[in-house]
Amino acid sequence: MNKGLHVVAFALVIIGGLNWLAVGLFGWDIGQIFGGMEAMASRVIYVLVGVAAVYLAATHKNDCRACGGSSMGGGNMMNK
């Protein structure tokens with residue numbers, strides 16, 4: 001897997017998670033900075049965060065030490 005792509009996807013998912021935290025705790029959506037849901041910039045950011053989440057979900061098992069991924073040198077933690 002491309003490490004750079006993984007880092008970008010991970011950062012986007014963290015940003016998305018922090019946005020949901022802000023919405024849940026304070027009722028404040030980070031997308032409002034860019035003009036709200038109607039603004040193209042906000043929609044692009046939301047789509048990128050969603051695509052990053054799908055990408056990480058699809059590639060997770062190959063990269064996760066706990067799930068038995070081989071690329072990070074780990075084993076299956078459930079069998080230890």
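A compact table of results
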quantity: Long-range neighbours under 8 Å by Cβ, at least six apart or interchain, first residue without any contact (Cβ under 8 Å) to a residue 60 or more places away in the chain within the range 20-31, second loosely packed, with under 10 Cβ neighbours inside 10 Å and assigned to a helix (DSSP H, G or I); calculated: none
quantity: One residue from ALA22, ALA58, ALA53 being part of a helix (DSSP H, G or I), modelled with pLDDT of 85 or more and more than 26 Å from LYS3 (Cβ to Cβ); calculated: ALA22
quantity: Residue check for SER42: part of a loop (DSSP other than H, G, I, E, B) and modelled with pLDDT under 90; calculated: no
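The values are calculated or read from the model by the stated rules, or taken from the named source; none is laboratory data. Fair warning: this is a prediction, and the values are worked out from it, not measured in the lab. Using ideal geometry, Cβ is built from the backbone for each residue, glycine included, and neighbour counts are taken over all protein chains shown.
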